[in-house]
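Each value in this text was obtained by applying a stated rule to the coordinates, not by laboratory testing. All values reported here derive from a predicted model rather than from experimental measurement. Counting neighbours? That spans all protein chains shown, and the Cβs are built from the backbone with ideal geometry, glycine included.
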């Protein structure tokens, strides 16, 4: 079952081709499918994986790495991943951008735009914002709650 | 913003999939942003407003510089 229509796939392929000047890696933390351990259910994990496989298949510069959240806890810990499914956007070794949950509906656009921004290397922020952030010397956690609808 | 400085840990969280978390921060309308688990920003805000919240949460409002804070149309 494909998540994207043929038309959407083509559209996304073109967008990625234009935007990805640099390689971007999506690190997916998930639970292995078919495994049902009470307390470790992850109803959206399998669909998230399929969706990302589809997406990353559309560009040679967009890569997917899949990690088992339970079998590889040190990998999760290193990136500060606390729940699954989690998509960590990795570029230049940085892993400070994450998406938790299945990027469905409108959030697929969010995911795509994030990939594109990283691929272009342009955060598209106002100069004032950029200047202030560059001088920020301490960790800040920004959690944005969204819904797919 | 996470692209400019890796000290900004940015997470997008699907509220419906993680209801405990959404409840803990009393998320009713989205988008709702919580910064350093304390500062709440409801709705999509203009970039300068968001920046002010972020710097305030980080205790670095001084980084806003001498420019006046945005107060609206001049």
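So if each residue of separation counts as 0.36 nm, and I subtract the Cα-Cα distance between residue A:106 and residue A:127, what length gain in nm does that give?
Numbers: separation 21, 0.36 × 21 = 7.56 nm, distance 2.80 nm.
So the extension gain works out to 4.8 nm.
Given the Cα-Cα distance of residue B:62 and residue B:28 and 0.36 nm per residue of separation, how much length would full extension add, in nm? Present the calculation step by step, with values, prior to reporting the outcome.
Details: separation 34, 0.36 × 34 = 12.24 nm, distance 3.18 nm.
Computed gain between residue B:62 and residue B:28 is 9.1 nm.
Compute the helix-to-body angle for B:47-57: its Cα long axis versus the longest principal axis of chain B, expressed 0 to 90° and rounded to tens.
So the helix axis and the longest Cα principal axis differ by about 80 degrees.
Pull out the extension gain between residue A:40 and residue A:6, defined as 0.36 nm times the separation in residues minus the alpha carbon to alpha carbon distance; nm, one decimal. Intermediate values should be presented prior to the final figure.
Values: separation 34, 0.36 × 34 = 12.24 nm, distance 3.41 nm.
Length gained between residue A:40 and residue A:6: 8.8 nm.
Return the average number of partner chain Cβ atoms within 10 angstrom of each residue Cβ along peptide A:123-130. Write out the running numbers ahead of the final one.
Numbers: counts 5, 2, 5, 4, 0, 7, 9, 5.
Mean shielding by partner chains, rounded to a whole number: 5.
Please state the shape class of segment A:10-149: rounded when a/c is under 1.5, otherwise prolate if a/b exceeds b/c and oblate if not, all from the C-alpha gyration tensor.
Values: a/c = 1.83, a/b = 1.29, b/c = 1.42.
Note, shape of segment A:10-149 comes out oblate.
Under the definition of partner shielding as Cβ atoms of other protein chains within 10 Å of a residue Cβ, what is the mean value for peptide B:53-63?
On the way: counts 1, 6, 6, 0, 3, 7, 2, 7, 1, 2, 7.
Counting other chains' Cβ atoms within 10 Å and averaging over B:53-63 gives 4.
What Rg and what Dmax come out for chain B when only alpha-carbon atoms are used, in angstroms?
So, for chain B, Rg and Dmax equal 13.8, 43 Å respectively.
With runs of 4+ DSSP H residues as the only contributors, calculate the mean residue ellipticity of chain A at 222 nm using -39,500 (n - 2.57) per run, divided by the residue total and rounded to the nearest 500. Kindly include the intermediate steps, with their values, before the conclusion.
Working: 5 runs with 56 residues, N = 149.
After summing the helix terms and dividing by residue count, I get -11500 deg cm²/dmol.
Over all directions, what mean area does the Cα convex hull of segment A:101-141 project, stated in square nanometres? Don't skip to the answer; put the middle values down first.
Values: hull surface 16.2 nm².
Projected over every direction and averaged, the Cα hull of segment A:101-141 covers 4.0 nm².
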